[in-house]
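> A single structure is presented below for examination.
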Amino acid sequence: MRIKKGAVFFLLCGLMACGASSKTESKAEKQGWKLSMQSYTFHLFSVVESLDKTKELGLHYIEIYPGQKMGGDFGDAVFGYALSPEQQGQLKELAKAKEVKIVSSGVWTAARDEWDKVFAFAKSMELEFISAEPAREDWDVVETLAKQYGIKVACHNHPNEASYWKPDILLECIGAKDALLGACADVGHFRRMDVDAVSALQQLKGRLIAMHFKDIAPTSEDGTLEDVVWGRGVLNVKGMMEELKRQDFKGYFTIEYEANWENNLPEIKESLDYFNEVAKEIL
C-alpha cells in the first residue's frame, strides 16, 4: 500500500504531539520545584527497595541516608563512602534503570578529617549536594572542600540546641561564605523547636538548597508531633509553598515521612496529591 507524503507528514506530527503531551510538566516542575524522596522514610527497607518505592510514587529523585543497608546484590554493604567504585557504578546504573536519580545524600555528620571522604564520595556518585550538620568550627574546612569538589552543602536542622535549630545560627556561620553553602530546611523540626516554619524560610531566602518537607500534628496524648498527610497538620503547608513561590525558589522538596514505617506509601501519595493541588492554585 502506498502512503502519500502528506499523510506521512501528518502522522509524524501526530506522533510528536503525543510524545510531547506525555512529557507535559506540572506547574510545580515549571516553577523549578522538584519532589525528591529521603530514603530514611523507608529505613526499614534497603536502598534497592527504596528506589523501587520511589519509582512506585512516580518520583524521579532521591536522597539516600548514610548507613542504609544496600540490599539486592550488594550483600552486607551499606550506603556510604566505603562502597567500592564498582558498587557505586552498579548503584548508579540500577537507579537509572528505575528512572530515579540520586541527587543527594545525608544527613551527614563527620569528624573534621572525614569530610574529604564524604565529598570525594559525593563527587564520585555525581551528587548535586549533600545534606549535613558540620560542627560549627568546621565550616572553613567544609567550604574549602565544597569549592574543591563542586558539591553544594545543605545544612540540616535537627531539633536540639546543639544543632542549627534556628536560621540565625546557620546564617551566622555561613553568611559570608561561598554560595555553595546553604540550608536543608526541615520544616517539621523548626516547629518542634517553636520556630515558625514560614518565618524561617523567609530568613533563609537566597540560601535554600532543599527542604525536608512535611506536615506534623500531635498524634498522642502527650502531644508529640508526628508526621501526617500534608495539609492535615499544624504546619502551614500552603503558606510555605506561597513563600517559596515569592522567593522564586528552585530546588528540592525532599519528602521525609516519619510515620507508619511499615507502609507509608498511601499517606505519601495523599500528600503528593495535596502538593500538586496547591501548586495548581498558587503558581
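Quick note: the coordinates plus some simple rules give every number you see, no bench work behind them. These figures come from a predicted structure and were not determined experimentally. A quick note on method: Cβ atoms are made from the backbone with ideal geometry, for glycine too, and the neighbour counts reach across all protein chains shown.
> Of the cross-linked pairs Lys30/Lys280; Lys147/Lys177; Lys123/Lys152; Lys177/Lys205; Lys27/Lys152; Lys27/Lys55, which ones have a Cα-Cα span greater than 18 Å in the structure shown? Can you show the working numbers first?
On the way: Lys30/Lys280 11 Å; Lys147/Lys177 11 Å; Lys123/Lys152 10 Å; Lys177/Lys205 15 Å; Lys27/Lys152 26 Å; Lys27/Lys55 20 Å.
Pairs exceeding the cut-off: Lys27/Lys152; Lys27/Lys55.
> Let me ask another. Suppose a student asked you for the relative contact order of the chain, using Cα pairs under 8 Å spaced at least 6 residues apart; what percent would you report?
On the way: 468 pairs, mean separation 48.8, N = 283.
In percent, rounded to a whole number, it is 17.
> Per DSSP helix of 4 or more residues, -39500 (n - 2.57); summed, then divided by the residues of the chain. What does that give at 222 nm, rounded to the nearest 500? If you can, show how the numbers build up before the last one.
Numbers: 11 runs with 116 residues, N = 283.
So the helix-based figure for the chain works out to -12000 deg cm²/dmol.
> Could you quote the convex hull projected area for region 26-282, Cα atoms only and averaged over all directions, in nm²?
Working: hull surface 52.9 nm².
Result: a mean projected hull area of 13.2 nm².
> Once the Cβ-Cβ distance between Ser124 and Glu99 is put in as r, and R0 is 35 Å, what FRET efficiency do you end up with, to the nearest 0.05? It would help to have the intermediate numbers written out before the result.
Details: r = 21 Å, r/R0 = 0.61.
It comes out at approximately 0.95.
> Please figure out what share of the DSSP beta bridges in the chain is antiparallel and state it in percent, rounded to the nearest 5. Before the final figure, lay out each step's value.
Working: 5 of 34 bridges.
Here the antiparallel bridges make up roughly 15 percent for the chain.
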